[in-house]
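This report refers to the structure that appears directly beneath it.
The values are calculated or read from the model by the stated rules, or taken from the named source; none is laboratory data. Keep in mind it's a predicted model, so treat the numbers as computed, not measured. Because the Cβ atoms are built from the backbone with ideal geometry, glycine has one as well, and the counts that use them run over all protein chains shown.
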Amino acid sequence: MTRLDSATAGRSFAATAGGTEHYITVEAAPELGFAEQVEQVHRRYAEAQRAMGLAPETAVFRRVFLSDVMNQAAAIRNSPLFGDPEGSPVAVSIVQQPPLPGAKVALLAYHIDAPTPLAKQRLSPKHLLIGKNGLGHLWSTRLCAGAYGAPVSPEAQTRQIFDELIDALSVQGANLHDHCVRTWLFLKDVDVFYQGMVEARTAVFAEHGLGRDTHYIASTGIEGACAHRHDLVSMDAYSVVGLRPEQVSYLNDFERLCATKDYNVTFERGTRVSYADRSHHFISGTASIDRDGRVVHPGDVARQLDRALGNVDALLQAGSAHLEDMTHLIVYLRDPTDLARVRARIEERMPDLPALYVQAPVCRPEWLVEVEGIAVTGNDDPALPSF
C-alpha cells in the first residue's frame, strides 16, 4: 500500500502482461469549507498519482462522494475531479453518501498503467469504453431518469435506467446477461424505495434471461442520491464487451450465506472474472447475514462488522482469494456515530487496506454496517484472454 498521509492511500496490483492496476482513496479535512475540501482532495489525488508514477491518462474511473449532492454537484462538474485529461476521458460517478467523519467530499479512483496506452472512447456523457487487448471495458456512470418534474415510481425509474444500460451494451454487440459484471444502485430513501427497485430489476432480468436457474449480477443496493430532485434511483455499472463464459464464476459459501434468491432478491454475492494473468473478484455489498438469510447480531455494530468481514472472506475463498487481496473497501454506516468503533476495528485487522467510510443506510434497517470492494489475484491460464 502507498500511504501519503492519514487521508490518502493507494494499493496496486501488477502482473505479467496486462499492466498494473491502482486504487486510490482520498479524504478531506472536515474543518474546511466545501471549495477548500474539493481543492484539497484534488491536490492530494495529484500527489498520490505522482508518488505512484501515474500519468493522468491512466485514470479510468472515479467516484466522488458528496454530503449534499444537489448543492455540490455543479461545483464538482466544474472541478478537475470531474474533468478529463486532454484526449483521455474518465468515467466519473457522483453520489450523495456523506463521507465520514463529517467531510463534504471524498474520492475513490481507479487507474490502469498498461504497457501500451489505453484506447478510450466516450460513447456518451454516461458511457466510457476502454479498449484493451481485444476486450471493451464499459464503465457506465450517473445513470438516472433525470427527473426534474414530479417523481415517478422507483419501479419505472429502475426500468428506465436498465434500459439505458442495455441499449449501450447492444450498440457494442453485447448484452446484460453475458457482459454486465457489476452494478451499484443508489436509492434516495432505501427504507422506502428498495423493494420497488428490487421488483423492477427482477422483471428486467427475467426479460433478459437472468433468473434462478442462470445467474444474476454482482451488486450493491444502498442509500444514495444523484443531483436530480425527483430521482429515486440511480446507478453505475461495469461491463466487459467480449467477455467469454469460461472467464466468469460466481462466489458463495452456503455454510455462511444463502443464495439471495432464497429471500427474493436478485444479485450475485460475488463474481470472479479471470484473465490470463489475473482474476478480479467483485464483492457485492455484504452485511451481517447468515445462511438462512437472517440478520446476525442486531444492535451490535462491532459484531455485525466482524460477521460481514467473515462473509467477505468466505466469498473470496470460494474464488481462491483472501481479505488480504482486497484493493480497497467501502464501508457503509447507517449511524455515523458508529464510525470510531468500526474504523478502529478495520484498521486493526487490515492496516494496509485503503478504505472509505460513508453514511449510507443498508436495505434492512437492522443492518448497521455493510462493506464492499474488489480483490485482485494472480492467475496463470494462457487459454484465457489477456487483461
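Listed values, structure above:
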{"quantity": "Within region 101-142, tally of residues that are in contact with a strand residue (DSSP E or B) (Cβ under 8 Å, 6 or more places away or on another chain), small (G, A, S) and within 17 Å of A174 (Cα to Cα)", "calculated": "3"}
{"quantity": "I24, sole failed condition from (1) surrounded by fewer than 16 Cβ atoms within 10 Å (Cβ to Cβ); (2) at pLDDT 95 or above", "calculated": "(1)"}
{"quantity": "Filter pass, I217 being closer than 24 Å to D277 by Cα, in the same structural domain as L135 (by TED's automatic domain parsing) and not charged (D, E, K, R)", "calculated": "yes"}
{"quantity": "Filter result for V92 (within 18 Å of F186 (Cβ to Cβ), touching a Lys or Arg at 6+ places or on another chain (Cβ under 6 Å) and surrounded by 16 or more Cβ atoms within 10 Å (Cβ to Cβ))", "calculated": "yes"}
{"quantity": "Unique match (being farther than 25 Å from H328 by Cα, touching a helix residue (DSSP H, G or I) at 6+ places or on another chain (Cβ under 8 Å) and buried (at least 17 other Cβ atoms within 10 Å of the Cβ)) among L210, L257", "calculated": "L210"}
{"quantity": "Hits in region 339-387 - residues which are among the hydroxyl-bearing types (S, T, Y) and under 25 Å from H297 (Cα atoms)", "calculated": "Y357"}
{"quantity": "Answer residue from region 149-167, given it is more than 14 Å from S234 (Cβ to Cβ) and modelled with pLDDT under 95 and is surrounded by the most Cβ atoms within 10 Å (Cβ to Cβ) among those", "calculated": "S153"}
{"quantity": "Top-ranked residue of region 151-165 - restricted to ones that are over 17 Å from E223 (Cα atoms) and assigned to a helix (DSSP H, G or I), ranked as farthest from the chain's Cα centre (by Cα)", "calculated": "A156"}
{"quantity": "Residue that is farthest from A91 (Cα to Cα), among those in region 212-226 that are part of a loop (DSSP other than H, G, I, E, B) and modelled with pLDDT of 95 or more", "calculated": "T214"}
{"quantity": "Top-ranked residue of region 175-211 - restricted to ones that are outside any strand (DSSP E or B) and aromatic (F, W, Y), ranked as nearest to G242 (Cα to Cα)", "calculated": "F205"}
{"quantity": "Strands (runs of 3 or more DSSP E) enclosed by region 257-347 - at least 1 residues per element that are modelled with pLDDT under 95 and in the same structural domain as I112 (by TED's automatic domain parsing)", "calculated": "none"}
{"quantity": "Residues of region 227-248 that turn out to be surrounded by fewer than 18 Cβ atoms within 10 Å (Cβ to Cβ) and either assigned to a loop (DSSP other than H, G, I, E, B) or in contact with a strand residue (DSSP E or B) (Cβ under 9 Å, 6 or more places away or on another chain) (or both), as a count", "calculated": "6"}
{"quantity": "So G33, is it in the same structural domain as Y110 (by TED's automatic domain parsing), on the phi > 0 side of the Ramachandran plot and modelled with pLDDT of 95 or more", "calculated": "no"}
{"quantity": "Selection count where residues are within 22 Å of the chain's Cα centre (by Cα) and either modelled with pLDDT under 95 or among the hydrophobic types (A, V, I, L, M, F, W, C) (or both), scope region 2-18", "calculated": "7"}
{"quantity": "Extreme residue, nearest to V241 (Cα to Cα), among residues of region 122-145 that are among the basic types (K, R) and under 17 Å from the mean Cα position of the chain (by Cα)", "calculated": "K126"}
{"quantity": "Filter result (out of contact with any Asp or Glu (no Cβ under 9 Å at 6 or more places or on another chain), under 18 Å from V26 (Cβ atoms) and assigned to a loop (DSSP other than H, G, I, E, B)) within region 38-79", "calculated": "S67"}
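Here is a yes/no grid of residues against (1) touching a residue at least 12 places away in the same chain (Cβ under 8 Å); (2) surrounded by fewer than 20 Cβ atoms within 10 Å (Cβ to Cβ):
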residue: R291; (1), (2): yes, yes
residue: R294; (1), (2): no, yes
residue: V301; (1), (2): yes, no
residue: L305; (1), (2): yes, no
residue: L309; (1), (2): yes, no
residue: A321; (1), (2): yes, no
